[in-house]
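Following: one structure in structure tokens, then a few remarks.
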Amino acid sequence: MRILTLFICGFLGIVTAQAQSQQNEQAVMEPIVRLFTGMNKGDSAMVHSAFAKEITMATVTKDKAGNVVVRRENSLAGFLKAIATPRAEAMSEPIWNTKIEVDGNFAQVWTDYVFYIGKKFSHCGVDAFQLVNNGSGWKIIHLADTRRTADCNIPPSVSDQFK
């Protein structure tokens, strides 16, 4: 009987830890989902609310000669202006293959993405987010991405939405 009790307690502990982990991962993803929803709606206030007050951003791409180029930003101003600029077609950035790591109040999210304007493919790559929870919820403190127009390996479940 004692072994059965230990087994049940151990099993319940594992189930509880998994449930807490899933809840924490959902909380970490909330500002990222808000970012992409705001981009799609053209809602710069919604996008802004996903970020901390002080942020850094970087994009890694290649120039026409094939040289690696890193563009850095320390402000959301230009990004928010681009989001708020009216456009005929919505911006969409579906993600997949998402990996979440959490250590206390710090989290990191790595995910594949593809970017569309309306139904038109623009580019793909990887988004790498770093987030902090300062007690009032998770906020993005750093966003880096890669951008390319080939070798995207977009899952059919994603690409079929834009046909």
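The values are calculated or read from the model by the stated rules, or taken from the named source; none is laboratory data. No experiment lies behind these values; they were computed from the predicted model shown. Glycine gets a Cβ as well: all are built from the backbone with ideal geometry, and neighbour counts include every protein chain shown. The area values use the complete protein model at the heavy-atom level, side chains included, leaving out ligands, DNA and RNA. Shrake-Rupley method; radii C 1.70, N 1.55, O 1.52, S 1.80 Å.
So what is the calculated 222 nm ellipticity per residue for the chain, using -39500 (n - 2.57) for each DSSP H run with n of 4 or more, over all residues, to the nearest 500 deg cm²/dmol?
Using -39500 (n - 2.57) per qualifying helix, the result is -11500 deg cm²/dmol.
Most mobile of Asn67, Asn40, Asn153 per a Gaussian network model of the chain (Cα springs, under 10 Å)?
Residue with maximal mean-square fluctuation among Asn67, Asn40, Asn153: Asn67.
Could you tally the net charge around Asn133, taking each other residue with its Cβ under 14 Å from the Cβ of Asn133, Lys/Arg +1 and Asp/Glu -1?
-3
Express the carbon and sulfur contribution to the solvent-accessible surface of the stretch 11-133 as a percent, rounded to the nearest whole number, probe 1.4 angstrom.
54
Among the lysines, which fall within straight-line cross-link reach of Lys163, defined as a Cα-Cα distance under 17 Å, with same-chain neighbours fewer than 8 residues apart omitted?
Excluding near neighbours in sequence, the set is Lys119, Lys120.
What is the local net charge at Thr61, summed over the other residues whose Cβ is closer than 13 Å to its Cβ (Lys, Arg +1; Asp, Glu -1)?
Charge balance near Thr61 sits at +4.
If you roll a 1.4 Å probe over the heavy atoms of the protein chains, what accessible area per residue do you get for the stretch 54-163, in Å²?
61
Spin-label point model (7 Å from Cα, Cβ direction): what's the Asn24 to Thr98 distance in nm?
1.7
Could you tally the net charge around Asn40, taking each other residue with its Cβ under 12 Å from the Cβ of Asn40, Lys/Arg +1 and Asp/Glu -1?
Counting the neighbours of Asn40, the net charge comes to 0.
Springs between alpha-carbon pairs under 10 angstrom, Gaussian network model over the chain: which of Lys53, Lys120, Lys64 fluctuates most?
Taking springs between Cα atoms under 10 Å, the residue moving most is Lys64.
On a C-alpha basis, how far is the centre of the stretch 34-56 from the centre of the stretch 116-144 in Å? Whole number, if you could?
9
Taking Lys139 as the anchor, which aspartates and glutamates have their alpha carbon closer than 18 Å to its alpha carbon, excluding any fewer than eight residues away along the same chain?
Straight-line reach from Lys139, under 18 Å: Glu25, Glu30, Asp43, Glu54, Glu73, Glu101, Asp103, Asp127.
Suppose the chain between Asn67 and Glu54 were pulled fully straight at 0.36 nm per residue; how much longer would it get relative to their current alpha carbon spacing?
Additional length available on full extension: 1.7 nm.
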